[in-house]
Amino acid sequence: MISLQTAPVSPLPFYRANLGARRRQSLQRTLKPNSSLHFSTQIHQNHSSSLIDPTHQLSFLPEISNLSKTGSLSEALNLIRSNLHNDTSNSSQTKEAMGILLQACAHHNDIETGRKIHEIVSNSTQYSNDYVLNTRLITMYAACGSVLNSRLLFDNLQRKNLFQWNALVSGYTRNELYDDSINMFVELISDTEFEPDNFTFPCVIKACAGLLDARLGQVIHGMVIKMALVFDVFVGNALVAMYGKCGLVHEAVKVFDYMPVRNLVSWNSMICVFSENGFSQNSLNMLTEILMGEQGLVPDVATVVTLLPVCAREEELDLGMEIHGLAMKLGLSEDVKVNNALVDMYSKCGYLPEALLLFDKNNNKNVVSWNTMIGGFSMEGYIFESFNLLRKMQMHGEIEPNEVTVLNILPVCLEKSHLPSLKEIHGYSIRHEFQYDELVANAFVTAYAKCGMLSSAERVFYSMETKTVSSWNALMGGYAQNGDPKQALNLYIQMTYSGLEPDWFSIGSILLACAHLKSLRCGKEVHGFVLRNGLETDSFICVSLLSLYIHCGKSSSARVIFDGMEDKNLVSWNAMISGYSQNGLPDEALTLFRKLLSNGIQPCDIAILSVLGACAKLSALRLGKETHCYALKSLLMEDVFVSCSTIDMYAKCGCIEESRSVFDGLRDKDVASWNAIIAAYGVHGKGKEAIKLFERMKKVGQMPDSFTFIGILTACCHAGLVEEGLKYFREKQNSHGIEPKLEHYACVIDMLGRARRLDDALRLVDEMPEQPDSGIWSSLLSSCRNFGDLEMGEKIAEKLLELEPNKVENYVLLSNLYAGSGRWGDVRRVRQMIKDIGIQKDAGCSWTELEGKVYSFLVGDNFLPESEEIRLTWRSLEKQISKIGYKPNTDCVLHEVGDEEKMEILRGHSEKLAVSFGLLKTTKGTTLRIFKNLRICVDCHNATKLISKIVEREIIIRDNKRFHHFRDGLCSCGDHW
């Protein structure tokens, strides 16, 4: 048996020996440069035998090496074969040549050539039991992914040494067969006399890392200490990496700190540990320590490609650029791995032009290079650029797209218009059998769902042989997010019946489905599952629960969950603030927004949108202006949603000039911006200005959409521009091909009703392709009440109450219709119906904002601190306006009482209280802004016109329909409301 000490050559080029002095000397002899070794042998043979050709022996090994390096492995094999048949061949050189070729087979993944070498070795009595060649064969098979062949060869060996055991353990680990690697190690220490060394342990420790088995790793660590290998740098590096993979950062740091010698791999391993466990700053600090350290270590490719993803994740562009500069100084920037990492870093930091420049300069692109650049475009939503680059990749010829390419490009397919591109990539995947990859199949399910093709998503799902939780989640999420939440619930039930346990994503999808369905009962059941399984601490699930209760109108339940969250992220704050705003609780939304700011959290565009919406509902102008200032400072005004919400906020706070100023200041005016400003002018009754904007919009080439026409029709309605409104209604379909929707019909019918053209309005109702909704019948009933058409009003009321029998506003309209016609018996009957149903009419309420504080006034409210002052102020105003024509319109009091009592009721209307208070608390010339929850009555409208004249102020009142600008005794509505 040949001992380790007398092995003729090093069995593994990457074997790191740490043996005794005698063994070390033996290895040093075997690792001397090949040229000198062969030269001395050839000289000796030249003296001993005239049959050996010295020229042939000198050129044989270098030629094998050159052919192996260039990938000409078949030619190298033929040369070895011819050398074997040459009587002058040197057996040691032939053996070394086969060893070189086996290494090349492993490097080039050429298992067939490797098999032929194996055949030569096994058929040779001279080489069949050679330790070195058999070790190389085991390594070659493992490197080519055929560990089974490695094991068969190993089992058939008559003699084994530690090198072959190490080669097989390493092969299992290399191929991620970690359990087999551990079992082989156990067999080694149990059944043989060999002691594992500083090559065995790194392979076994890596297997523990692959299994994420920290306890087993600690056992191996104990063995390393007992065998006095703990200070070996290669073993130490493996331990650092293992503890890092298992999330035990403290233990990794401890091993690193106790290492007596650290090489660059040690530092790179520690950087990787920090990076993978989220300690980004620590990993970046390690680079400084390397550069400033006394060891004189120089960062290599591994250092750079480990640090650049950290910069990408943290969007540390400046530091990423510094590392880029360092890579250039060290001559590493041309390395394909470094170039790929730089492209990825610039892409994820939002610098696609720089990423593309680096990509184009890379003359050694591999599939990762293409995938990285495609992923960069896809991440930013550039579908044309993503697919264009994919086509260039295919035209390149040498590199074929793989599964990662498909996974990178699919997220860009988000709309129905992207369906052809999605089908194209799906066809390619089927032709190349990528669809059998679970991740690829799941990605196709998600992509088809996002493009609105749920049937195709379902076909892909049911074609999958093995469905994991992720597969179910992809389809469930598709249905929940794209319009069929009931099917999402059915899939959830099917998944649980199949024996799979839902994960956090499943729970998030099912909660989203419950939210869309407004199914509080089902949502509470899921909430119970969350609590039973301890998932309530997951921030994603908490936000999903918030969304559920908000969608179901349970803001108080949502707030309980929000307050119970230990770690409130920006998403949870946004969800709660927007939830209050959506559920008609603007005061609570603004209060929570102030708390957000007081906690030192910087709001994002979503929070700003919710706050602007709340300010619009409350007409909180001061806070709206402050929010606008914040949006300007944070450069959020470039966001189309923020700019449009700001236009809307100012409009609903009565500041149409500020709305126009914001609109004019926009650099890029898209259709949403035009729609916002046209709607703003419409709600203020400035129909002619809205029409001018509409015509200008068309002149600049911006095509109006369905929402544009709602805005312009509303503007014509509030301004009494009936013919213009009818013209635009016809133009919408004839010139722009936009089919009229219910909202468009509602605007035109309301416009005709306000103009006393009730017959035309009803004719249009009959011509509609769909049934009118309650809003249309409500506007017609209001017109009947205004013009005293009792007969038609009763017929319309009957239809309205069929659609909405529990809405108090409908009964109030009918009651007012009867009261206006003096039908007090019917008034009492309708009011009794309201009591019997158990619904309650909203009391008239007005409010105004003074110095950032909102003051509210209820109809007939005599309990305010300033009630007496308000009463006296109104009496004074009433005397003054009576001198210039004011006469109380008691017809507005729809109660069966005397005229004196009616006049007292009129004096208690909430808008009169708000106007009196505003005049009391503000200086001369200040514009008053009053907001009311109901429609302003005729008496208050007439009185406010005259008040604006005697006090020489502008008074702006917003009721539940529109704005009224009172100035110099006139109203902007032209008495048309």
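Figures for the structure shown
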read-out	value
Residue that is farthest from residue 587 (Cα to Cα) [pool: residues in segment 619-644 that are polar (S, T, N, Q) and open to solvent by less than 30 Å² (accessible area, probe 1.4 Å)]	643
Yes/no for residue 387 being among the aromatic types (Phe, Trp, Tyr) and closer than 21 Å to residue 473 by Cβ	no
Whichever residue in segment 552-563 is touching a residue at least 24 places away in the same chain (Cβ under 8 Å) and among the small types (Gly, Ala, Ser) and, among such residues, is nearest to residue 630 (Cα to Cα)	555
Some residue of segment 489-498 being touching a helix residue (DSSP H, G or I) at 6+ places or on another chain (Cβ under 9 Å) and open to solvent by less than 20 Å² (accessible area, probe 1.4 Å)	yes
Any hit, segment 739-756, residues being free of Cβ contacts under 8 Å to residues at least 12 places away in the same chain and open to solvent by less than 30 Å² (accessible area, probe 1.4 Å)	yes
The listed residue being farther than 25 Å from residue 388 by Cβ, acidic (Asp, Glu) and either at pLDDT 90 or above or part of a helix (DSSP H, G or I) (or both), out of 458, 465, 424	458
Tally, over segment 384-401, of residues that are open to solvent by 40 Å² or more (accessible area, probe 1.4 Å) and in contact with a helix residue (DSSP H, G or I) (Cβ under 6 Å, 6 or more places away or on another chain)	1
Answer residue from segment 432-464, given it is in contact (Cβ under 8 Å) with a residue 24 or more places away in the chain and of a type in the set (Asp, Glu) and is least open to solvent (accessible area, probe 1.4 Å) among those	437
Qualifying residue in segment 575-593 (condition: open to solvent by 10 Å² or more (accessible area, probe 1.4 Å), in the same structural domain as residue 647 (by the TED database) and without any contact (Cβ under 8 Å) to a residue 12 or more places away in the chain)	yes
The lone exception for residue 791 - which of (1) in a helix (DSSP H, G or I); (2) within 28 Å of residue 976 (Cα to Cα); (3) touching a helix residue (DSSP H, G or I) at 6+ places or on another chain (Cβ under 8 Å); (4) acidic (Asp, Glu) it fails	(3)
Qualifying residue in segment 232-248 (condition: more than 20 Å from residue 302 (Cβ to Cβ), assigned to a helix (DSSP H, G or I) and basic (Lys, Arg))	no
Boolean, residue 756 is under 30 Å from residue 827 (Cα atoms) and outside any helix (DSSP H, G or I)	yes
Any pair with Cβ under 6 angstrom, 6 or more apart, that starts in segment 325-342 at a residue that is open to solvent by less than 60 Å² (accessible area, probe 1.4 Å) and ends at one that is at pLDDT below 95 and not in a helix (DSSP H, G or I)	327/333; 336/364; 336/366; 338/332; 339/362
Residues within segment 868-904 that are assigned to a loop (DSSP other than H, G, I, E, B) and either open to solvent by less than 60 Å² (accessible area, probe 1.4 Å) or farther than 30 Å from residue 785 by Cα (or both), tallied	9
One residue from 945, 949 being touching a strand residue (DSSP E or B) at 6+ places or on another chain (Cβ under 6 Å) and in contact (Cβ under 8 Å) with a residue 12 or more places away in the chain	945
Subset tally (residues that are assigned to a helix (DSSP H, G or I) and either in the same structural domain as residue 765 (by the TED database) or of a type in the set (Gly, Ala, Ser) (or both)) for segment 799-839	4
Close pairs from segment 501-512: first touching a residue at least 12 places away in the same chain (Cβ under 8 Å), partner charged (D, E, K, R) and open to solvent by 10 Å² or more (accessible area, probe 1.4 Å), Cβ under 6 Å, at least 6 apart	504/538
Top-ranked residue in segment 465-486 [being closer than 24 Å to residue 417 by Cα and of a type in the set (S, T, N, Q); ranked as most open to solvent (accessible area, probe 1.4 Å)]	481
Neighbours by Cβ (under 6 Å, 6+ apart or cross-chain): first from segment 166-179, more than 18 Å from residue 217 (Cβ to Cβ); second open to solvent by less than 40 Å² (accessible area, probe 1.4 Å) and of a type in the set (Val, Ile, Thr)	166/200; 167/135; 167/138; 167/139; 168/138; 171/147; 175/147
Breaking point among (1) more than 22 Å from the chain's Cα centre (by Cα); (2) open to solvent by 50 Å² or more (accessible area, probe 1.4 Å); (3) modelled with pLDDT of 90 or more, for residue 597	(3)
Residue match in segment 821-842 (condition: surrounded by 15 or more Cβ atoms within 10 Å (Cβ to Cβ) and within 26 Å of residue 765 (Cα to Cα))	yes
Selection count where residues are open to solvent by less than 40 Å² (accessible area, probe 1.4 Å), touching a helix residue (DSSP H, G or I) at 6+ places or on another chain (Cβ under 6 Å) and over 21 Å from residue 613 (Cβ atoms), scope segment 676-707	6
Residue in segment 168-189 that is of a type in the set (Gly, Ala, Ser) and surrounded by fewer than 20 Cβ atoms within 10 Å (Cβ to Cβ) present	no
Helices (runs of 4 or more DSSP H) lying entirely in segment 256-339 (those with 3 or more residues that are within 18 Å of residue 354 (Cα to Cα) and in contact with a helix residue (DSSP H, G or I) (Cβ under 6 Å, 6 or more places away or on another chain))	301-314, 317-329
Test set (1) touching a Leu at 6+ places or on another chain (Cβ under 9 Å); (2) closer than 13 Å to residue 240 by Cβ - residue 268 fails condition number	(1)
Residue within segment 651-658 that is outside the structural domain of residue 705 (by the TED database), open to solvent by less than 10 Å² (accessible area, probe 1.4 Å) and under 30 Å from residue 557 (Cα atoms) present	no
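Conditions (1) over 26 Å from residue 631 (Cβ atoms); (2) of a type in the set (D, E, K, R); (3) in the same structural domain as residue 640 (by the TED database), marked per residue:
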residue: 684; (1), (2), (3): no, no, no
residue: 692; (1), (2), (3): yes, yes, no
residue: 711; (1), (2), (3): no, no, no
residue: 722; (1), (2), (3): yes, no, no
residue: 726; (1), (2), (3): yes, no, no
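The values are calculated or read from the model by the stated rules, or taken from the named source; none is laboratory data. Computed from a predicted structure; not experimentally measured. Every residue, glycine as well, gets a Cβ built from its backbone with ideal geometry; the counts of neighbours run over all protein chains shown. Quick note on the areas: whole protein, heavy atoms, side chains included, nothing else; ligands and nucleic acids left out. Shrake-Rupley method; radii C 1.70, N 1.55, O 1.52, S 1.80 Å.
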